[in-house]
1. Of everything in region 180-192, what is touching a residue at least 40 places away in the same chain (Cβ under 8 Å) and either part of a loop (DSSP other than H, G, I, E, B) or surrounded by 24 or more Cβ atoms within 10 Å (Cβ to Cβ) (or both)? Give them in sequence order.
2. What are the pairs with Cβ atoms under 6 angstrom where one residue, in region 29-51, is charged (D, E, K, R) and the other, located anywhere, is open to solvent by less than 80 Å² (accessible area, probe 1.4 Å)? Sequence gap at least six, or different chains.
3. Looking only at region 233-249, how many residues end up being open to solvent by 30 Å² or more (accessible area, probe 1.4 Å) and β-branched (Val, Ile, Thr)?
4. Only one of these is open to solvent by less than 20 Å² (accessible area, probe 1.4 Å) and of a type outside the set (Phe, Trp, Tyr): Ser171, Ser132. Name it.
5. Does any residue of region 486-496 turn out to be assigned to a helix (DSSP H, G or I) and free of Cβ contacts under 8 Å to residues at least 12 places away in the same chain?
6. Would you pick out the residues in region 373-412 that are hydrophobic (A, V, I, L, M, F, W, C), over 14 Å from the mean Cα position of the chain (by Cα) and not in a loop (DSSP other than H, G, I, E, B)?
7. Please verify whether Gly443 is over 16 Å from Thr364 (Cα atoms) and surrounded by fewer than 13 Cβ atoms within 10 Å (Cβ to Cβ), treating the condition exactly as stated.
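The values are calculated or read from the model by the stated rules, or taken from the named source; none is laboratory data. Note that this is a predicted model, so its numbers are computed, not measured. Neighbour counts run over all protein chains shown; Cβ positions are idealised from the backbone, glycine included. Side chains are part of the model used for accessible areas, which takes the heavy atoms of the whole protein and leaves out ligands, DNA and RNA. Shrake-Rupley method; radii C 1.70, N 1.55, O 1.52, S 1.80 Å.
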Amino acid sequence: MKKTATFPMRYSAYALSIAGFAISLALSVWTGEGFWAPAVFGALAGIGTVDLLQRKHTINRNYPILGNVRYFLESIGPEIRQYFIQSDTEERPFSREQRAVVYQRAKNVLDKRPFGSQLDMYSESFEWMNHSLTPTHLDDSDFRIRIGKQCSKPYSASVFNISAMSFGSLSANAILSLNAGAKLGGFYHDTGEGSISRYHRQPGGDLVWEIGSGYFGCRHEDGSFNPEIFQKNAVVDQVKMIELKLSQGAKPGHGGILPGAKVTREIAEARGVAPGEDCISPSSHSAFSTPIELLEFIDYLRELSGGKPVGFKLAIGHPWEWFGIVKAMLETGRRPDFIVVDGGEGGTGAAPLEFINRLGMPMTEALLIVHNTLVGTNLREDIAIGAAGKITSAFNIARAMALGADWCNAARGYMFALGCIQSLNCHTGRCPTGVATQDPRRGSKLDVGDKSQRVYNFHKNTLDALKNLLEASGLKHPSELGPEHVVRRVSETEAQSYLDLFPFLEPGALLQESKTGLSVFDKYWDTARADTFEPPQFILKLRETKLR
């Protein structure tokens, strides 16, 4: 195809800027007036010249000056959608309504709504709680669950706590605010795998120390577990429980790296690494490699900590791996004190798109399989279950507890309480609110006194809302919540309670020789092993061929 001989219209903006520069410059010289017009046209002409000469962006070469408008509009697309296009109830990933109720409760202002619900109550998946004609009256909303009943130092935890977010992911002032708020409200603050920093210690709020595969805060120089350093930190009174992270919902089965350029002296101090060196979290642990070894390691940590509750956090993946851990409990008699189920909808950790969207079991299914397995092996009363995954309201808490959880954790909910506006810049270091950044110029603008009070308010007002739900349902404590209390619409003409919608195993069902009728258990339970995380033989054979 031949090139056209006419002047391309797509160069019009560039041509006009050159013409405008020449004409305005001549007029400015002739009249002696200001040179602002030549400066503007000259800048545009310069941009157009650069666009034509560069080779990185074809659009800019074909559309000098105008191509930059396209890239600018694309860069602010998320903000345009969030503030002007999305409805109040559209979750991307949290709706404006969800964020608004957190902001209002955090600021301790009116959180009531007029004129009825904006939700479509006749759409599939709409959920609600059933109320009672004989409501109860509760004097207090400080609901608690005892964790580590067999430990010498059990912990009485709030049913709503701060989920794992590390110093290094969040700013110093954000960590200070979260822990100070936790101290005010008497709930716990999970350290995240970045270990215990000076900003966790300073306010004195209860801590759950999360230990990941990098063993930050308790490691040798080669990255292996160091029992002496672990014991030194674990016996500190502020540390109430130890949480071993097997995987997390945002990026299950994925390691991580904090580049050396971001490893400041304070981060290095908390993690036990050298400043300026890459901080690596392997994808798996080096202290154990089988389910039995995992439980032995948990017992070892409990002993070193002086009898504090020790458990693990995981996102459910291959069912035989989870079943292998439970079989190891049955064979050895060893137990974790708690398990935190992290749903695939978890999101504070920056991760590849495929991991965020398509890897890991969502919280509902994950919580059900963990709860059912422990019930089916008569272990449920020995092990407490926590749940995390997009929890921002009292109904979210009630829903998770109806599915089997004993308590709930939230990460992004408490970030909203700190002032997060969901700008989706967590991984860039350019958080506009100073929450998810290590830039001291940004983080220092977050006022600790104000934000810690908001964290406290959000916790208290959310539990007050939970108390109101319980009263309306005729209940006295969140532990009484069960699948019979929550209903889901499955079509325009049918709704079912969780009790009818989801399968629940009878106590001891997995200890019987008969089948349960649930495919995940009937297919994988018998073949899972306590001495290995390896897949069953029939799965290995399937991997050898495409003939299914």
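1. Matches in region 180-192: Gly181, Ala182, Gly186, Phe187, Tyr188, Asp190.
2. Short answer, once both residue conditions are applied: Asp51/Asn60; Asp51/Pro64.
3. 2
4. Values: Ser132 fails: open to solvent by less than 20 Å² (accessible area, probe 1.4 Å).
Only one candidate passes the filter, namely Ser171.
5. Applying the first criterion (assigned to a helix (DSSP H, G or I)) to region 486-496 yields none.
Checked region 486-496: no residue is assigned to a helix (DSSP H, G or I) and free of Cβ contacts under 8 Å to residues at least 12 places away in the same chain.
6. Our first condition is that a residue be hydrophobic (A, V, I, L, M, F, W, C); within region 373-412, this holds for 374-375, 379, 383-385, 387-388, 391, 394-395, 397-398, 400-403, 405, 407-408, 410-411.
Narrowing the set further to residues that are over 14 Å from the mean Cα position of the chain (by Cα) leaves 374-375, 379, 383-385, 394-395, 397-398, 400-403, 405, 407.
Of everything in region 373-412, those that are hydrophobic (A, V, I, L, M, F, W, C), over 14 Å from the mean Cα position of the chain (by Cα) and not in a loop (DSSP other than H, G, I, E, B) turn out to be Leu374, Val375, Ala384, Ile385, Ala394, Phe395, Ile397, Ala398, Ala400, Met401, Ala402, Trp407.
7. Working: over 16 Å from Thr364 (Cα atoms): yes; surrounded by fewer than 13 Cβ atoms within 10 Å (Cβ to Cβ): no.
Judged against the criteria, Gly443 is not a match.
Yes or no, residue by residue, for (1) within 30 Å of Pro336 (Cα to Cα); (2) buried (at least 22 other Cβ atoms within 10 Å of the Cβ); (3) among the hydroxyl-bearing types (Ser, Thr, Tyr):
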residue: Asn378; (1), (2), (3): yes, no, no
residue: Ala410; (1), (2), (3): yes, yes, no
residue: Phe416; (1), (2), (3): no, yes, no
residue: His427; (1), (2), (3): no, no, no
residue: Cys431; (1), (2), (3): no, yes, no
residue: Ala436; (1), (2), (3): no, yes, no
residue: Ser452; (1), (2), (3): no, yes, yes
residue: Tyr456; (1), (2), (3): yes, yes, yes
residue: Leu470; (1), (2), (3): yes, yes, no
